[in-house]
Amino acid sequence: ITVPVKGLSNDKAKKHVRVVVSLQHTSVTLGFLHANLLKIQGKYFLLAGPSGIGKSTYAEYLSKATGATVLANDWVAIEREGNCFYASDLNFTDSIRHPGRCLLDGVVFLASGDTYGRDVFVPNDQEYKDLLRETFDTTSDSELETLSSFWLQSRDKLPLYCAIPARRKPEAYIAQTILGIIHKAADHTKEIEVGIIGVGAI
């Protein structure tokens with residue numbers, strides 16, 4: 001497709017083009033996110049968040065700490081097949097079904113703040129919408145609605161998602177928090193069975 005970018009700086013032109021492309025392709029089975037795609041210990045995670053929140057900084061930290069590899073930088077495509085999600089970079093034509101796509105193991109949102117002072121949290125409905133608004137920081141309200149549709153419909157099927165307030169504490173602390181979450185998710189290979197004994201309302 002042809003996207004007019006006359007009068008825009010290189011950075012703004014890049015952001016504009018990727019939003020236009022994403023808007024044209026977003027569907028029930030294909031979504032996009034402002035995020036880095038990382039491979040860590042053979043698992044694949046998205047580190048998502050708005051411009052300037054520290055995605056590249058933390059990706060670099062994880063690379064040094066664990067040998068993590070950045071497979072896609074700044075904007076990714078996610079394809080849903082049943083209950084599985086596959087992530088790829090944005091360089092695709094008719095489909096992102098190619099050998100380079102990765103089975104997604106989780107999404108970590110970097111948030112600019114948190115009312116409750118938590119180190120990490122699983123967002124409720126409103127917090128999840130707020131995170132998407134923050135993550136798609138270069139879009140209009142109508143564009144946000146389109147780009148968020150995939151994530152709102154897919155939320156309950158995501159393998160793991162959580163948020164970390166990335167500006168509450170020093171970078172080293174935040175980086176260790178991210179690393180802790182990813183390690184736990186990567187090590188968790190078996191389903192947890194929970195038994196409840198008793199009578200009454202739960």
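Does L152 satisfy the criteria of being assigned to a helix (DSSP H, G or I), buried (at least 18 other Cβ atoms within 10 Å of the Cβ) and free of Cβ contacts under 8 Å to residues at least 40 places away in the same chain? Considered against the rule, which asks whether it is assigned to a helix (DSSP H, G or I), buried (at least 18 other Cβ atoms within 10 Å of the Cβ) and free of Cβ contacts under 8 Å to residues at least 40 places away in the same chain, L152 comes out as no. Restricting the search to segment 48-63, which residues are farther than 19 Å from L144 by Cα and touching a Lys or Arg at 6+ places or on another chain (Cβ under 9 Å)? Result: G54, single match. Checking each residue in segment 23-42 for being touching a helix residue (DSSP H, G or I) at 6+ places or on another chain (Cβ under 6 Å) and modelled with pLDDT under 90 picks out I40, Q41. State all residues of segment 80-90 that are part of a loop (DSSP other than H, G, I, E, B) and at pLDDT below 90; if no residue qualifies, say none. Selection gives D89, L90. Scanning segment 20-61 for residues that are farther than 23 Å from R155 by Cβ and of a type in the set (D, E, K, R), we see that the one that is most open to solvent (accessible area, probe 1.4 Å) is E60. The number of residues in segment 56-79 that are under 25 Å from S27 (Cβ atoms) and either aromatic (F, W, Y) or not in a loop (DSSP other than H, G, I, E, B) (or both) comes to 7.
Number of residues in segment 128-137 that are among the acidic types (D, E) and either open to solvent by 60 Å² or more (accessible area, probe 1.4 Å) or under 16 Å from L160 (Cβ atoms) (or both): the value is 2.
The residues listed here are T66, T115; of these, the one that is at pLDDT below 90, among the β-branched types (V, I, T) and loosely packed, with under 13 Cβ neighbours inside 10 Å is T115.
If you check T93 against the conditions, is it polar (S, T, N, Q), modelled with pLDDT of 90 or more and under 22 Å from V17 (Cα atoms)?
Here the answer is no, as T93 does not meet what is asked.
Could you list, ordered by first residue, the pairs with Cβ atoms under 7 Å in which the first is in segment 60-76 and under 13 Å from S88 (Cβ atoms) and the second is part of a helix (DSSP H, G or I) and not hydrophobic (A, V, I, L, M, F, W, C), at least 6 apart or interchain? Matching pairs, first to second residue: W75/R18. For the criterion of being aliphatic (A, V, I, L, M), farther than 9 Å from A163 by Cβ and without any contact (Cβ under 8 Å) to a residue 40 or more places away in the chain, L144 passes.
The values are calculated or read from the model by the stated rules, or taken from the named source; none is laboratory data. Small disclaimer: the values here were computed from a predicted structure and weren't measured. Please note: Cβ atoms are built from the backbone with ideal geometry, for glycine as well, and neighbour counts cover all protein chains shown. For accessibility, only protein heavy atoms count, side chains too; no ligands or nucleic acids. Shrake-Rupley method; radii C 1.70, N 1.55, O 1.52, S 1.80 Å.
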